[in-house]
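Enquirer: Sending over a structure as structure tokens; questions will come in a sec.
Derivation of every value follows stated rules applied to the coordinates shown; laboratory data play no part. Owing to the predicted nature of the structure, the values given are computational and were not obtained by experimental measurement. Methodologically, a virtual Cβ is constructed for each residue, glycine included, from the backbone with ideal geometry; neighbour enumeration extends over all protein chains shown.
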Amino acid sequence: MIIKKIHIFLLKIYINVLRLSNVVMLYQPTYMKNKFPIIKNNNLRVSDKRLDLIVSSVGEIRGSYLDVGSQLGYFVFRMSEKGFFSMGIESEKYACSYSNSLKVINENENVAFINKSINNDNIKDIPSFDVVSILNVFHHLVYFLGFDNADIVMRELYNKTNKILFFETGEFEEKGQYWSDCLSFMGDDSSVWIHSYLLEIGFSDVKKIDKFSTHLNSHKRTLYLCSK
């Protein structure tokens, strides 16, 4: 018991070292069953409102949940609270380490985190999930993999989604970002292209459920609920 407490104490210090050293972007809140002190208590994205919309849209669905680009794991932990077996896939090693540290601190055995950069090859290896979210990842996939390979990832995620998928991405209206020009295929109104694209890859119903600003600019990105 003493060793366990020391381990958890050291992990809390580790969390704060990561925050202080700026090796993780603080997009999300730090999930805590019981509060502990953290340095730089600021979050760059609106997480709770997004999460509330996801939870209300999920309704009575239960089962498994996958968050592609899980960052600090906040959505994964919160969906676990709702009874889901929850998994996060995160490409940044320190963000994934942060999430796995929180798993131990919060003594949560119903979550899992994998440090992996999703691509058009390894996406085929993941299992199916009842609920999937891929939030603010697609534009990075397009930039680093090219649209054709990003499209393969999205179509495989469609295949891996049993019930519903939540989607949000950077949009072409957001000028001056390193990925802006590669989204020119979206045209002058990104929301029209995105809505049509999500239907084209196979979803039977696609709804715009809200818009959210980011720390990058004043443009608001649309959050979509995609049903099979």
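Enquirer: Would you mind checking 116/207; 4/35; 124/211 for any pair whose Cα atoms are more than 21 angstrom apart?
Expert: Distance filter (> 21 Å) returns 116/207; 124/211.
Enquirer: A further question follows. I want the antiparallel fraction of DSSP beta bridges within the chain, as a percent rounded to 5.
Expert: If we restrict to bridges inside the chain, about 40 percent are antiparallel.
Enquirer: Looking at the chain, which longest stretch skips every one of the GluC sites (Glu not before Pro) that is in a DSSP loop with at most 15 other Cβ atoms within 10 Å, leaving the sites themselves out?
Expert: Of all site-free stretches, the longest is 110-228.
Enquirer: What is the distance in Å between the Cα centres of region 153-169 and region 38-73?
Expert: 16
Enquirer: Starting at the first residue of region 204-219, write each ³J(HN,Hα) from the Karplus equation 6.51 cos²θ - 1.76 cosθ + 1.60 with θ = phi - 60°, in whole Hz, x for Gly and Pro.
Expert: Residue by residue, region 204-219 yields 7, 8, 10, 10, 7, 10, 4, 10, 9, 7, 10, 7, 7, 6, 8, 5 Hz.
Enquirer: At each listed q (0.12 Å⁻¹), what is the log10 of I(q)/I(0) that the Debye formula gives for the chain modelled as equal alpha-carbon point scatterers?
Expert: -0.65
Enquirer: List the chymotrypsin sites (Phe, Trp or Tyr not before Pro) within region 140-202 that DSSP assigns to loop and that have no more than 11 neighbouring Cβ atoms inside 10 Å.
Expert: 178
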